Amino acid sequence: MSDDTDKNKIFTPGASFGDVPEGDSARQAVASLRGYAYQIAVAALAWIDISENDRIFLEVAEDYAAVARDALQAVQVKDTAASGAATFNTPGIRDAVGSFVDLAARNAGRRVVLRYFTTSPIGMEHKVDNRPAGEAGLAYWRKAAGGADIAPLRAILLGETFSETVRTFVSVRDDDALRRDLLQNIHWDCGAPDFSMIRRELEERLVVVG
């Protein structure tokens, strides 16, 4: 009996590895991996929608970019709701403005558009001086892009919190040019669906495509 039992052990799953080893939680990359998965899912949705003659590039111009003959739409994807609201004080927001200016310079033959796609909602800046016309910065950006007074927003963009490249870009343009060349070409898509909702939409769309 014991011999037969020993022989049958080759068909068992073997030793259990269920015990998770202990490690420094500060070094765990769970948040980063979740962010990468979110980026891939959002890019996959864009890939489903892209037209036959357009192309999508991953990690070339921002997290992904949709390229047409004379247009470039670059997208930054951020699963940052757990980190709080998006404001002009958010480093990623300031960096996005700088990234747009750089992309526009590198792709002078195309119309460049940047989308900042984030699960974070639009928030209010803590300091009154950072609120254009007393409003949340990103909300006023939308108003100024649509025709509202640019002066309050210009003053903030010329501040020290933005890079010298951004300040130069802003300073050499009058209000009409600044609205056309910057404000109307950056879209703050805040409060985007979380990963579970994006994944569900992706699965439903793939069923339709299939």
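Tabulated results
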read-out	value
The range 109-165: C-alpha gyration tensor shape, a/c 1.5 cut-off, then a/b vs b/c	rounded
Mean Kyte hydropathy of -0.5 or more with a Cα span along the axis of at least 18 Å, helices from DSSP in the chain	30-49, 91-106, 195-209
Per residue accessible area in Å² of the chain, where ligands, DNA and RNA are left out and the probe is 1.4 Å	62 Å²
Amide H partners (placed H, <5 Å) of Ala71, local residues excluded	Arg111
Top of Lys143, Lys127, Lys78 by mean-square fluctuation, Gaussian network on the chain, Cα under 10 Å	Lys127
Cα centre as origin, Lys/Arg/Asp/Glu Cβ charges: the chain dipole, Debye	660 debye
Test item: Cα-centred dipole of the range 90-184, Lys/Arg +1 and Asp/Glu -1 on Cβ, debye	360 debye
Mean residue ellipticity (222 nm) of the chain, computed from DSSP H runs ≥ 4 via -39,500 (n - 2.57), nearest 500	-13000 deg cm²/dmol
Highest average packing first - 52-60, 101-109, 81-89, Cβ atoms within 10 Å	81-89, 101-109, 52-60
Listed residue (Ile93, Ala148, Ile122) projecting farthest to the positive dipole end of the chain, Cβ model	Ala148
Among beta bridges that DSSP assigns inside the chain, antiparallel share in %, nearest 5	35 percent
Added length on full extension, which subtracts the Cα-Cα distance from 0.36 nm per residue, Glu59 to Thr161	34.1 nm
Carbon + sulfur, % of accessible area of the chain - ligands and nucleic acids excluded, 1.4 Å	52 percent
Rounded if a/c under 1.5, otherwise prolate or oblate - the range 31-151, Cα gyration tensor axes	oblate
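The values are calculated or read from the model by the stated rules, or taken from the named source; none is laboratory data. Bear in mind the structure is a predicted one, so any value in this text is a computation, not a measurement. Heads up, the Cβs are rebuilt from the backbone with ideal geometry, glycines too, and the neighbour counts pull from every protein chain shown. In case anyone asks, the SASA skips ligands and DNA or RNA and just uses the protein heavy atoms, side chains included. Shrake-Rupley method; radii C 1.70, N 1.55, O 1.52, S 1.80 Å.
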